[in-house]
Amino acid sequence: MGALLMAAFTAIVTNYLLRARLGGAFELRRIPDSGHVIICGLGNLGYRILEELIHAEERVVVIESARDGRFVATARRLGAAVIHGDATVREVLSQAHAAEARAVIAATSNDLINLEVALLVRELNPTMRVVVRLYDPQLAETLREAAKVRLALSVPALAAPAFVAALFGDRVSSVFFLEGRLFAVIDLLVSGQDRLLVDQAVRAVATDYRLVPVAVMAGDTEQAQPPANARLRAGDRLIAIAALPDLERLRRREPAPRVWSVEIKAFPAPARVWLALR
C-alpha cells in the first residue's frame, strides 16, 4: 500500500508539473513577435482596458504577478496571452517582446511600479508608446515633463471632470482635455419656452457663449445648411463644443455682457439677408 500510494503521489505531482510546463510553453508561443499591446497589471482597470482592446481586435499580452488573479482565466478566454511575472523585471518584459510591441500600458494599482515599468520600457525602446496609470496628479505632470512620458495619466484628474460634467445632466455627451482646458460636447434641446434660444441665429448663440456649433438637428434629421447659418426653432437640438465655464453660463441662460452689444444704425440693402443671419 505504501509503494502504491507513493507511486500515485509521484504520478500526480509529475502530471501537475508537466501540465504547468506545457501550459507555460504554449502561452509563450501565443505571444506575438511585434505589433501587440502589453498590459501590466490585470486588476479592475487592466481588465476593462483588455476588454476594449479585444473589442478593437488588438492582439494583447498581459503581465500579471498573481497566478490566482480573478481575471486571468477570463483574459485567456478572450484570447490574450498571460505571463505570470513581475513587470519591473527586464527579462519578463523581454519575454513579452516589449521592445517590439505597439504600446505598453502600466495599469497596476501601485504608482511606483507603474513608474518603474515606464522607465524600463523606455530603456528597451526609447520610441515606445507608454501609457502610465497614476493616482498622484503632480507625479503624472512631472513624468510628462521630465521623463517625456506624454501619456502619464492621473486617474483622479481624468475622473473629476466627468463628475463635474454630470452636474449638467444628459446635455453633456462627453468631455475631453485640449491644451490643458476642459471641453464638453453638448446636445442641447431647444424648448418652446426658451426665449433666449428660440428664433435665435446659431451664429449669435455661438458668439455669446463661445460655442463651436457642430450640427443642428430637427428631430433625428440634420439640417443641410451649415450649422452657423441656421436659426433655432422649438424642438431643435444644437450639438456644440464648449468650455465648461461657458457651458455654465449657457445653463443659467446668462445674457451676453452689454459691452458685447452692437448697434447697427444703417446698412446697404444687399446686406440685409447677411445681417439677418447674424
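The values are calculated or read from the model by the stated rules, or taken from the named source; none is laboratory data. These numbers come from a predicted model, not from an experiment. Every residue, glycine as well, gets a Cβ built from its backbone with ideal geometry; the counts of neighbours run over all protein chains shown. These area figures cover heavy atoms from the full protein model, side chains too; ligands, DNA and RNA do not enter into them. Shrake-Rupley method; radii C 1.70, N 1.55, O 1.52, S 1.80 Å.
Kindly evaluate R233 against the criterion of being farther than 30 Å from I113 by Cβ, among the basic types (K, R) and modelled with pLDDT of 85 or more.
Criteria met by R233.
Anything in segment 97-114 that is surrounded by 15 or more Cβ atoms within 10 Å (Cβ to Cβ) and more than 21 Å from V82 (Cα to Cα)? List them, or say none.
D111, the sole residue that qualifies.
Yes/no matrix, rows are residues, columns are (1) within 16 Å of R252 (Cβ to Cβ); (2) surrounded by 14 or more Cβ atoms within 10 Å (Cβ to Cβ); (3) within 30 Å of the chain's Cα centre (by Cα):
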site: Q193; (1), (2), (3): yes, no, no
site: V198; (1), (2), (3): no, yes, no
site: V216; (1), (2), (3): no, yes, yes
site: D220; (1), (2), (3): no, no, yes
site: R231; (1), (2), (3): no, yes, no
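Determine the pairs where a residue that is touching a residue at least 24 places away in the same chain (Cβ under 8 Å), located within segment 206-230, has a partner that is assigned to a loop (DSSP other than H, G, I, E, B) and of a type in the set (S, T, N, Q) with Cβ atoms under 7 Å apart, the partner being 6 or more residues away or on another chain.
Every condition considered, the pairs that remain are A230/Q223.
Go through (1) open to solvent by less than 30 Å² (accessible area, probe 1.4 Å); (2) touching a strand residue (DSSP E or B) at 6+ places or on another chain (Cβ under 8 Å) one by one and return the number of the condition G69 breaks.
(2)
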